[in-house]
Amino acid sequence: MDKIVIQGGKPLHGDVHISGAKNAALPVLTAALLTCGTNTFHNIPDLMDIKTIKKLLRSLGAQIEGNETVQISADKIISHTAPYDLVKTMRASVLVLGPLVARMGVARVSLPGGCAIGARPVNLHIKALQDLGAHVELHEGYIEAKAKKLKGADIYFDIPTVTGTENIMMAATLAEGTTSLNNAACEPEIVNLADVLKGMGAKISGAGTDVITIEGVSSLKPIEATIIPDRIEAGTFMIAAGMTRGELNIIGCNPHHMEALINKLRDTGMKISPIEGGLKVSAGKKIHSVDVKTLPHPGFPTDLQAQMMAYMSIGSGLSVISETVFENRFMHVSELTRMGADIVIQGGSAIVRGVPALRGAQTMATDLRASASLILAALVAQGTTEISRVYHIDRGYQEIEKKFSALGANIKRMAQ
């Protein structure tokens, strides 16, 4: 098992190229189950979660080649079961449920696992599939769904759910009639998936709004498409520039996907301006403390909450960070306080009092985004920080230590 060791105190400078978005690539790869023929997808990040979904799709019968450009053919689906030993490591594995039921009429998918940042129940997926006419049961830890042919329906999500919206949108593409997804999630990754599905021949309107309409078709065709850049990776490096008092060119990002973050970082004093192919970001004279409240898109993303908390831990005043999306997403607080941060949890909020400096310490990553927050804190801490259990960060950041090292950070990966 590896650890990351960081000697803090180095301002970051230079260009960083943003990888493809993990949370866009995962549903797009599963969408290949809806078609015969070979789909080609570009800008796929090289991450553990991508390796996991590839392994799962291969177990179902898909033929897959390539890394950054992936060719995937699902002409012959040999299994309709997504087994526990694969699904337990990544919640997004549940995304095979909708495509399998839509195309094969049957699916058996283990209840998902992944980061322990909240319940994130799949009941919304199950209810929506039932609304489409599927018979769904939970049996021995598996979701078992059957339908001779899905039927279009008006579906209402109790809360916006990203994977639920993606799962049911894929299922509805091959349903008979028209499906309406109400209170749908609006994230850019959903728009990317909708664009891919439309390229396959699906009839979808409203993606990016809270009402998505899908008119079912009899079949879909393979497509060549490109995955959008990872707005969370881009945001992590933007925050790193502000924390280390540096200046970075964020190359390959889409500023329209990050408006809530950009506005909040400007409030902290950072300077952010467009350049060809991305953004130029630099630290302000002072880190102004700001309040943050996570919300579904287009609000401030929960996947940047931990990184923002690390930033505010060295701010000039008091910050209140409220988490409204996932109930267990403050597990990084105890590790940040080990580094000298002054953070107190009060219900669904964290009260952060900025301190003059953080200190290096031995820390442990508890989930994917918590890992990123510890790396950011370590980059500015006095002394050396060791971060263990970094397999979490490999799920969502491609070669993060190499990217930071190229920007001037004293960071290395070592075997424990």
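Worth a mention:
- The sole residue among 299, 235 that is over 24 Å from residue 380 (Cα atoms) and within 21 Å of the chain's Cα centre (by Cα) is 299.
- Residue match in the stretch 39-47 (condition: at positive phi and assigned by TED's automatic domain parsing to the domain that holds residue 149): yes
- Filter result (surrounded by fewer than 24 Cβ atoms within 10 Å (Cβ to Cβ) and either under 30 Å from residue 85 (Cβ atoms) or not acidic (Asp, Glu) (or both)) within the stretch 156-174: 156, 157, 159, 160, 161, 162, 174
- Scanning the stretch 6-17 turns up at least one residue that is under 21 Å from the mean Cα position of the chain (by Cα) and under 29 Å from residue 253 (Cβ atoms).
- Entirely in the stretch 193-254, the strands (runs of 3 or more DSSP E) that have 3 or more residues that are within 30 Å of residue 374 (Cβ to Cβ), touching a Lys or Arg at 6+ places or on another chain (Cβ under 9 Å) and outside the structural domain of residue 181 (by TED's automatic domain parsing): 247-251
- Scanning the stretch 195-228 for residues that are of a type in the set (D, E, K, R) and either in contact (Cβ under 8 Å) with a residue 12 or more places away in the chain or crowded, with 19+ Cβ neighbours inside 10 Å (or both) gives 195, 203, 210, 215, 221, 224.
- Among the residues of the stretch 247-286, those that are surrounded by fewer than 16 Cβ atoms within 10 Å (Cβ to Cβ), without any contact (Cβ under 8 Å) to a residue 40 or more places away in the chain and of a type in the set (Gly, Ala, Ser) comprise 273, 277.
- Lone unmet requirement of (1) within 21 Å of residue 172 (Cβ to Cβ); (2) of a type in the set (A, V, I, L, M); (3) at pLDDT 95 or above for residue 92: (3)
- Any hit, the stretch 401-408, residues being within 30 Å of residue 67 (Cβ to Cβ) and either part of a loop (DSSP other than H, G, I, E, B) or assigned by TED's automatic domain parsing to the domain that holds residue 88 (or both): yes
- Residue that is over 17 Å from the mean Cα position of the chain (by Cα), of a type outside the set (Asp, Glu) and closer than 20 Å to residue 132 by Cα, where the choices are 216, 246: 216
- Among the residues making up the stretch 324-360, those that are aliphatic (A, V, I, L, M) and farther than 21 Å from residue 287 by Cβ are 325, 331, 345.
- Some residue of the stretch 314-337 being under 18 Å from the mean Cα position of the chain (by Cα), at pLDDT 95 or above and buried (at least 20 other Cβ atoms within 10 Å of the Cβ): no
- Qualifying residue in the stretch 63-85 (condition: surrounded by fewer than 22 Cβ atoms within 10 Å (Cβ to Cβ), of a type outside the set (A, V, I, L, M, F, W, C), at pLDDT below 95 and under 16 Å from the mean Cα position of the chain (by Cα)): no
The values are calculated or read from the model by the stated rules, or taken from the named source; none is laboratory data. No experiment lies behind these values; they were computed from the predicted model shown. No Cβ is skipped: glycine too gets one built from the backbone with ideal geometry, and neighbour counts run over all protein chains shown.
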